[in-house]
Amino acid sequence: MSAPLLSIKSVSKKFGAVVALEDVSLDVGAGEFFALLGPSGCGKTTLMRCIAGFESPDAGTIALSGVDLSGVPPYRRPVNMMFQSYALFPHLNVFENIAFGLRRQGETRDAIDARVNELLAMTQLSSFGHRRIAELSGGQKQRVALARALAPRPKMLLLDEPLGALDRKLREETQFQLKEIQRRTQMSFLIVTHDQDEALALADRIAVMRAGRVEQIAGPMEIYDRPATRFVAGFVGETNFIEGRLDRNGAVALITEYGRIPCEPGNLPDGAQATLSMRPERIGVARDGEGIAGFVEDFVFRGETTLLRVRVASNIVLRAAASHGERHAIGDSVRLSFPPGAGALLAEER
Ligand code: ATP
């Protein structure tokens with residue numbers, strides 16, 4: 001990989017006794033769409049504010065294009081932040097909001113006109129240049145905020161929960177627009193979100209954070225299919241935690257009280273207690289034949305799939321997704337099958 005655009009090394013930050021960031025290291029490449037994902041309070045906003053220069057780390061370094069940013073004030077950093085509240089100027093119209101950063105940079109009138117018109121078109125606001133901010137919908141305000149942040153061509157755009165204020169339907173539509181704009185501009189986007197679906201949909205890579213630390217950094221598919229820890233597996237998507245003893249004799253499997261569950265070899269020793277994360281949709285559901293026997297205790301229709309709660313032992317219920325069209329009733333006997341490699345062996349908890 002070529003030298004990263006943003007390089008964060010061993011950054012820690014405390015507020016009094018609260019540890020907001022602990023030994024965080026990550027790189028973001030040029031043109032990459034990167035997401036910081038985690039529950040409320042995990043430190044993602046603090047990390048973004050450290051990059052923007054609104055906070056300074058107690059320890060560690062943040063460099064952009066190889067230049068250490070410590071001591072560089074926010075307005076001198078080649079990054080721009082789009083706030084969750086949008087922070088638009090109510091007394092300026094749409095055009096002037098977008099032009100704001102360019103005027104401050106002292107660009108010529110023609111250059112400003114050209115750039116603002118380009119951004120109005122890119123964000124589908126071409127006929128809104130003269131509108132006042134108060135006369136815009138939530139989605140339009142979001143696009144003005146995005147255009148304003150993009151206008152001065154920062155090397156990296158920081159987006160704090162950029163879709164947080166939009167309703168569900170609009171969010172989905174706006175995800176596509178955001179991704180399209182990132183692709184077209186080839187700018188690095190760093191987004192903060194607590195919404196796993198949003199991170200999976202948008203990002204090239206995701207850092208999952210928990211209590212000030214990074215738990216895993218990987219592409220969306222790897223985060224989903226190969227979560228490294230119990231926390232990541234539980235936070236991103238739905239899953240079953242299957243506990244058992246590893247049997248490495250022959251086909252590797254976890255031995256549980258309800259049967260053998262095939263799994264990847266991993267690097268745990270034979271006989272070790274282990275946890276496998278298994279997504280409901282990776283479990284096969286059949287009425288009879290091979291597999292682990294259980295009965296349907298409950299189910300919810302989800303449209304494309306039906307999520308079954310299947311009791312496989314007196315104290316264990318697994319969730320399995322049955323395909324569309326299969327009808328199940330409470331009390332039905334089923335057989336569950338587990339394709340080898342369908343689950344992820346989790347690392348020991350820290
Ligand atoms: P959210 O999604 O709710 O914004 P977050 O993951 O972005 O959460 P941060 O806002 O970074 O989390 O906060 C991390 C921790 O640091 C929290 O415990 C928070 O209360 C604390 N914290 C953040 N900013 C300050 C501050 N200025 N003063 C004191 N404590 C702070």
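Coordinate-derived values only; no laboratory data. All of these numbers come straight from a predicted model, not from anything done at the bench. Glycine also receives a Cβ, built like all others from the backbone with ideal geometry; neighbour counts cover every protein chain displayed.
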### Dimensionless Rg/Rh of the stretch 89-163 - Kirkwood Rh, Rg from C-alpha atoms
0.94
#### Entry: Ordering of 116-128, 259-271 by burial proxy (mean other Cβ atoms within 10 Å per residue, highest first)
116-128, 259-271
### For the chain, with +1 on Lys and Arg beta carbons and -1 on Asp and Glu, the positive-most of Phe231, Ala201, Leu136 along the dipole
Leu136
#### Entry: Gaussian network model of the chain, springs between alpha carbon atoms under 10 Å - residue of Val310, Val28, Val18 with greatest fluctuation
Val18
### Residue among Ala147, Ala59, Ala233 with the largest mean-square fluctuation in a Gaussian network model of the chain, springs linking Cα atoms under 10 Å
Ala59
### Message
Over the stretch 292-346, what is the relative contact order in percent, taking alpha-carbon pairs closer than 8 angstrom and at least six residues apart?
### Response
38
### Query
Size of the stretch 203-317 along its principal axes in angstrom, Cα-based, largest extent first?
44, 41, 23
### Tail weight of P(r) past 33 Å, computed on alpha-carbon pairs of the chain, percent
42
#### Entry: All aspartates and glutamates inside 16 Å of Lys13 as judged from Cα atoms, apart from same-chain residues fewer than 8 positions distant
Glu22, Asp23, Glu55, Asp58
#### Entry: Residues of type aspartates and glutamates that Lys179 reaches as a straight line, Cα spacing below 12 Å, ignoring anything fewer than 8 places off in the same chain
Glu32, Glu198, Asp204
## Note on the structure
Put in order of increasing Cβ neighbours within 10 Å, starting from the fewest, Ile242, Ile255, Ile181, Ile98 give Ile255, Ile181, Ile242, Ile98
## Note on the structure
The percentage of Cα-Cα pairs in the stretch 157-252 separated by more than 24 Å is 33
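Size of the dipole of the chain about the Cα centre, Lys and Arg at +1 and Asp and Glu at -1 on the beta carbon, nothing else charged, in debye to 20?
Dipole size: approximately 960 debye.
222 nm [θ] for the chain, helices only, -39500 (n - 2.57) per DSSP H run of 4+, per residue, to 500? It would help to have the intermediate numbers written out before the result.
Values: 8 runs with 84 residues, N = 350.
Rounded to the nearest 500, it is -7000 deg cm²/dmol.
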### Message
As an exercise, take the mean of 1/r over every pair of distinct alpha carbons in the stretch 3-84, invert it, and state the Kirkwood radius in angstroms.
### Response
13.1
### Task
Please state the charge dipole magnitude for the stretch 175-230, taken about the Cα centre, from unit charges on C-beta atoms (+1 on K and R, -1 on D and E), reported in debye and rounded to the nearest 20.
180
### Task
Just name one of Leu276, Ser40, Pro152: the one whose Cα is farthest towards the positive end of the charge dipole of the chain (beta-carbon charges, Lys/Arg +1, Asp/Glu -1).
Pro152
